[in-house]
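Comments concern the structure below.
A short reminder: the numbers here are calculations on the coordinates, not readings from a lab. Just so it is clear, the model here is predicted, and its values are computed rather than measured. Neighbour counts are summed over all protein chains in view; Cβ atoms, including those assigned to glycine, are modelled from backbone coordinates with ideal geometry.
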Amino acid sequence: MLYNKSVLIIDDEKKLVKSLSITLENLGISTYKAYNGKTGFEIALKTKPKIILLDMRLPDINGLELLKDLKTELPDTVVVIISAYGDVRTAINAAKNGATDFLTKPFDINDIINLIKDVNTLNNNCNDIEILNQLIGESQIIKNLKNNLVRIAKSSTDKILIYGETGTGKSLIARAIHELSNRKNNPFVELNCSTIPTELFEAELFGAEKGSYTGAITRREGLVELANNGTLFLDEISELPLNLQSKFLSFLENKKFRPLGSKNELYANVRIIAATNKDLSDLVEYGEFRADLYYRLNIITVHIPPLRERIEDIPLLCEYFVNHFAFKENTKKIVLTDEVLKIFKNYMWPGNIRELRNLIERLTILYPGETITQQHLPPEFYHTQDNFKHDSQLKAHNSDSILKEKLMTTEYNLILEALKTTNYHKSKAAELLGISRHALKRKLKKYGIS
């Protein structure tokens, strides 16, 4: 057998079950089938499968009810909910009741295969080392970050603020903090504040009673309530509407909130992890973010380094992504030459790890199994110099002017050093450099430093 695992499929769609069974059995995976909850539960107790694929809507029982029974009797079995009626609340309720993952129909068969291959890493009882190993890198700055994450996660603090440029992995860091904490067996709820319309934000966060607004035909649980005893991760916290910031501040202070249209206060024991790619102190200065909320959040901070500050990790990241996408695309791995790795180390990576990931994916799809040279790379990599790092914002740079190049390189390095020394406080960095705050902002924009 290719995999020493067994799978039980509980779903009333017989064609889907048959198709899945054939695919899995061709891979050498033992497969059991059930078309209703009662039979599925009996087979599960008898066979004790490693993984159960469970449909949300069965003819004789609700999938969530069966999930509870399965996790009670078989706590170590991985249960994946599959449904054509998925939304974030359904997924969170499934996670609360022990589901490892939630897939919406129609799904890619490779998603199921990947889950089966990674069943050990999907186990909720993975240890701290396994969690930290998901943060790829051996540079000193990443080692320090990992050490800090363990201390922060296991502390009693319930408010954490993550700073990081776009593409640095803020969501991954937030989830790692959750998995390293004593809240790991409770919900991890994520919300990107930039994706919710302002008029719906309060209901999304704190919930709403039936009839509290047009379209509210039933009571709606807010994400705060859904995250009770767990972690609520608010990405792009800078986009939290001003008119809601005071209510959110009040919740941070006493953990109490009132759903929209309700007269009753509720309580939620939630750890808040907020993340941003902006300088919140700047937004406070411009009147775009409440100062009291900023100071309430800015107690325990985590700074994620941009990729250009951890270039020694680039080969490890490349190796990981090369293997990942070769497997995903079911093709041969690309080979990155020393020349290409050198170019990568001298590139600014304005999109950080996400940009590197996307590049490796594109190269794998376009040139499977080939040796990658500079000619295979996008145009922005052609002008990368050994003695000057730049991104697409510096395309106007005159490579023939050596003196200008050296001056710009020196200025760039001085600005980075000043930011590091002042813990990325722009006002203090400007003072250290002997320039005005506005002058520093212009230079940050010029060099693409967030």
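Here are some notes:
- Using Cβ point charges alone (K and R +1, D and E -1), the dipole size of the range 1-74 about the Cα centre works out to roughly 220 debye.
- Point-charge dipole on Cβ atoms (K/R +1, D/E -1) for the chain, about Cα centre, debye to 20: 560
- Table column - 3J(HN,Hα) (Hz), the range 307-319, Karplus curve with 6.51, -1.76, 1.60, x for Gly and Pro: 4, 5, 9, 9, 5, 5, 8, 4, x, 5, 5, 4, 4
- Taking all Cα pairs closer than 8 Å and separated by 6 or more residues, the relative contact order of the chain comes to 11 percent.
- Listed peptides 8-14, 427-433 by packing density, highest first (mean Cβ within 10 Å): 8-14, 427-433
- Judged by the gyration tensor of its Cα atoms, with axes a ≥ b ≥ c, the range 170-237 is oblate; a/c meets the 1.5 cut and b/c is at least as large as a/b.
- Fewest-first sequence of Thr39, Thr100 by Cβ atoms within 10 Å of each Cβ: Thr39, Thr100
- DSSP bridge pairs, the range 178-279: antiparallel proportion in percent, nearest 5: 25
- Taking only the Cα atoms of the range 307-393, the radius of gyration and Dmax are 12.2, 38 Å.
- The value of relative contact order for the range 1-98, using C-alpha pairs under 8 Å at least six residues apart, is 27 percent.
- For the listed residue pairs Lys71/Lys210; Lys170/Lys446; Lys170/Lys342, the alpha carbons are over 29 angstrom apart in Lys71/Lys210.
- Bridges between two residues of the chain, per DSSP, are antiparallel at a rate of about 10%.
- Helix 352-366 axis, angle to the chain major axis (alpha carbon atoms, nearest 10°): 70
- Degrees, to the nearest 10: 63-73 long Cα axis against longest axis of the chain: 90
- About the Cα centre, charge dipole magnitude for the range 6-122 (Lys/Arg +1, Asp/Glu -1 at Cβ), debye: 120
- Interchain or long-range residues, amide H under 5 Å from Leu103's placed H: Ile81, Ile82, Ser83
- Exceeding the 27 Å Cα-Cα cut-off - candidates Lys255/Lys426; Lys345/Lys445; Lys154/Lys445: Lys255/Lys426; Lys154/Lys445
- Within the range 144-244, trypsin sites (Lys or Arg not before Pro) in DSSP loop having at most 16 other beta-carbon neighbours inside 10 Å: Lys154, Lys210, Arg219
- Per-residue ellipticity at 222 nm, computed for the chain from helices alone with -39500 (n - 2.57) per DSSP H run of at least four residues, works out to -13500 deg cm²/dmol.
- For the range 20-38, the residues whose amide N sits under 14 Å from a probe point set 7 Å from the Cα of Ile113 along the beta carbon direction are 20-29.
- Applying 0.36 nm per residue to the separation of Lys332 and Glu42 and subtracting their alpha-carbon distance, the gain on full extension is 100.2 nm.
- Nearest-ten-degree value, helix 140-153 long axis tilted from longest Cα axis of the chain: 50
- Calculated FRET efficiency for the pair Asp128/Asn413, C-beta based, R₀ 35 Å, to 0.05: 0.45
- Extension gain for Glu13-Thr371 works out to 124.4 nm (0.36 nm per residue, less the C-alpha to C-alpha distance).
- Counting charges near Asp279 (Lys, Arg +1; Asp, Glu -1) among other residues having Cβ under 10 Å from its Cβ returns a value of +1.
- Sequence-distant residues sharing a close amide H with Leu8 (under 5 Å, placed H): Tyr32, Ile51, Ile52, Leu53
- Summarising the strand pairing of the range 128-303, around 15 percent of its internal DSSP beta bridges are antiparallel.
- When the Cα gyration tensor is reduced to axis lengths a ≥ b ≥ c, the ratio a/c is 1.5 or higher for the chain, and with a/b not above b/c it is classed as oblate.
- Each part reduced to its alpha carbon centroid, the range 228-247 and the range 253-288 end up 4 Å apart.
- Taking other C-beta atoms within 10 Å as the exposure proxy, Tyr267, Tyr163, Tyr286, Tyr294 rank Tyr286, Tyr267, Tyr294, Tyr163 from fewest upward.
- Qualifying aspartates and glutamates (Cα of each under 17 Å from Cα of Lys332; at least 8 residues distant if same chain): Glu319, Glu361, Glu370
- Sites listed here are GluC sites (Glu not before Pro) in the range 267-339 whose DSSP assignment is loop and whose Cβ has at most 14 other Cβ atoms within 10 Å: Glu288, Glu329.
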